[in-house]
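All remarks here apply to the structure that follows.
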Amino acid sequence: SSALGLPFLAGRSLPAALDPAARGQPLLAFPDWLGWSPWILPPGSEVAFAVAFLPGVFLVRSLSQWGSGTLVNLVGLRVVESVRAELFARIQRLPVRAFARLPTGDLVQRLTADVQSVRVVLVDVASDLLVQPFTLLFALAAIVLTCLSREGGGLFLACLAVIPVSVLLVRKLGKAAATRLRGSYQGMTRLGSIAIENLQSPREVRAYNLEEREIARYAAESRLMTRFFARYIRYEKALSPLLELVAACGIALAVWLGARSGLRLEDLLLIITALYMGYDPVKKLGRVTQQLRIARVGLDRIREVLDAPDDVPEPARPVPLGPVAGRLRLDRVSFAYDREPVLRDVTLDIPAGQSGALVGPSGSGKSTLVNLIPRFFDPSEGSVSLDGRDLRSLRLAELRGAVALVSQEPVLFHDTIRENIRLGRPGATDAEIEQAARAAEFHDVVL
């Protein structure tokens, strides 16, 4: 509304209200070939129309901005909530091997900053994509209509050449800025990984006097990330001033052509105002291009997690596990993380009701073998079976519900001790939890 209303106010309504000589002139004229009659205000209503016109334009603009902004933001929040929940759910189902490739800091970055890039696309970008093209079209319509309805006005359309120049400028700077931003995103991920790694090992850092090493490592990565951000900012902040310069050149061209073609002052004011109103959407659409390039970096990182291959898939036709006796058998099992095998042709049979111990030097494959039992990994060759059933034929939830795991590094979730014990059996009663605590001989300490 403002792209069409403000030029109309400057070029038609105000002159009709303030200049007696302009009264009775058409407020809105059309090219002769359309055959439409010009629009002329009734005598004596010029001032009232001018006074009421500006609030009317901004009333329509305010209502449309409030409505579209509220709707787009609400939709964006819902979609971001859905993407965040889906991404977190996918992380829960990633195979253990994926966490070697996607460290904790990187995954946290994807759940926070990268998901926020979805909001940028849906809220900021979507709003501008809905509003700014119409603003630009209305501004161009005001210019074209005025030029075609005046003799010699066709030459005046040359001032619109600033628009393709602006588009080329936006594309060039946006591409350069996106390249720098991608490097800063990678630096942010590395910085987050260093911080999380350090915060998870406070005793080791102090025990081995690693404080200065950690400070230097964090500072070096921070400087590198800042350098990439600084390069991005140089390009991002250059866009608006350069577009303003292009718009000023277009307005100067409009004034020069207007003076040569003999256009009236009110016509010239209308065109210059419309040209200036058309500059703002070009600038915002240019910013949209940059935001889309920025968001694409985060969206690609989200898609990388969502589309990550599952190397421990659920069986197509799972076999019921039934009551578990506990016989464990490894038949000619081999496994390699990369190319170098950790386990080679291992055969092991542990009867039900018996205990077994794995003994060997560090790196000999003890932890790897244990990780095959709850199917954190699948063997490269051979098979692992429980009570005669190949583990790959069982549902993961059913298998892992039958396997108890005591880690070398105990983990407590952010909840009470009672609820941490209940994690092993969500339906356990308080009496059963206390019995388990007594069996572990720490009932009197924590419960």
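The values are calculated or read from the model by the stated rules, or taken from the named source; none is laboratory data. Given the structure is predicted, the values throughout are model-derived calculations rather than measurements. FYI the Cβ positions are ideal-geometry reconstructions off the backbone, even for glycines, and counts take in every protein chain you see. Please note that ligands, DNA and RNA were not included when accessible areas were found on the heavy atoms of the full protein model with its side chains. Shrake-Rupley method; radii C 1.70, N 1.55, O 1.52, S 1.80 Å.
The figures follow:
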| quantity | calculated |
| --- | --- |
| Pairs where the first residue, in region 327-348, is without any contact (Cβ under 8 Å) to a residue 12 or more places away in the chain and within 17 Å of Pro374 (Cβ to Cβ) and the second is assigned to a strand (DSSP E or B) and of a type outside the set (A, V, I, L, M, F, W, C), C-beta under 8 Å, 6+ apart | none |
| Residue check, Leu63 in a helix (DSSP H, G or I) and either within 30 Å of Arg296 (Cα to Cα) or at pLDDT 75 or above (or both) | yes |
| Top-ranked residue of region 396-421 - restricted to ones that are within 21 Å of Val312 (Cα to Cα) and touching a helix residue (DSSP H, G or I) at 6+ places or on another chain (Cβ under 9 Å), ranked as modelled with the highest pLDDT | Leu399 |
| Checklist (1) under 22 Å from the mean Cα position of the chain (by Cα); (2) surrounded by 14 or more Cβ atoms within 10 Å (Cβ to Cβ); (3) polar (S, T, N, Q) applied to Asn198, failing item | (1) |
| Among (1) hydroxyl-bearing (Ser, Thr, Tyr); (2) closer than 25 Å to Ala325 by Cα; (3) without any contact (Cβ under 8 Å) to a residue 60 or more places away in the chain; (4) open to solvent by less than 100 Å² (accessible area, probe 1.4 Å) - the single one Ser355 does not satisfy | (4) |
| In region 358-382, the residues that are touching a residue at least 40 places away in the same chain (Cβ under 8 Å) and either of a type outside the set (Phe, Trp, Tyr) or surrounded by fewer than 13 Cβ atoms within 10 Å (Cβ to Cβ) (or both) | Asn371, Leu372, Ile373, Arg375, Asp378, Pro379, Ser380, Glu381, Gly382 |
| Test set (1) open to solvent by 40 Å² or more (accessible area, probe 1.4 Å); (2) at pLDDT 80 or above - Val305 fails condition number | (1) |
| Members of region 325-343 found to be closer than 24 Å to Ala98 by Cβ, at pLDDT below 90 and either aliphatic (A, V, I, L, M) or open to solvent by 60 Å² or more (accessible area, probe 1.4 Å) (or both), listed by number | Ala336, Tyr337, Asp338, Arg339, Glu340, Val342, Leu343 |
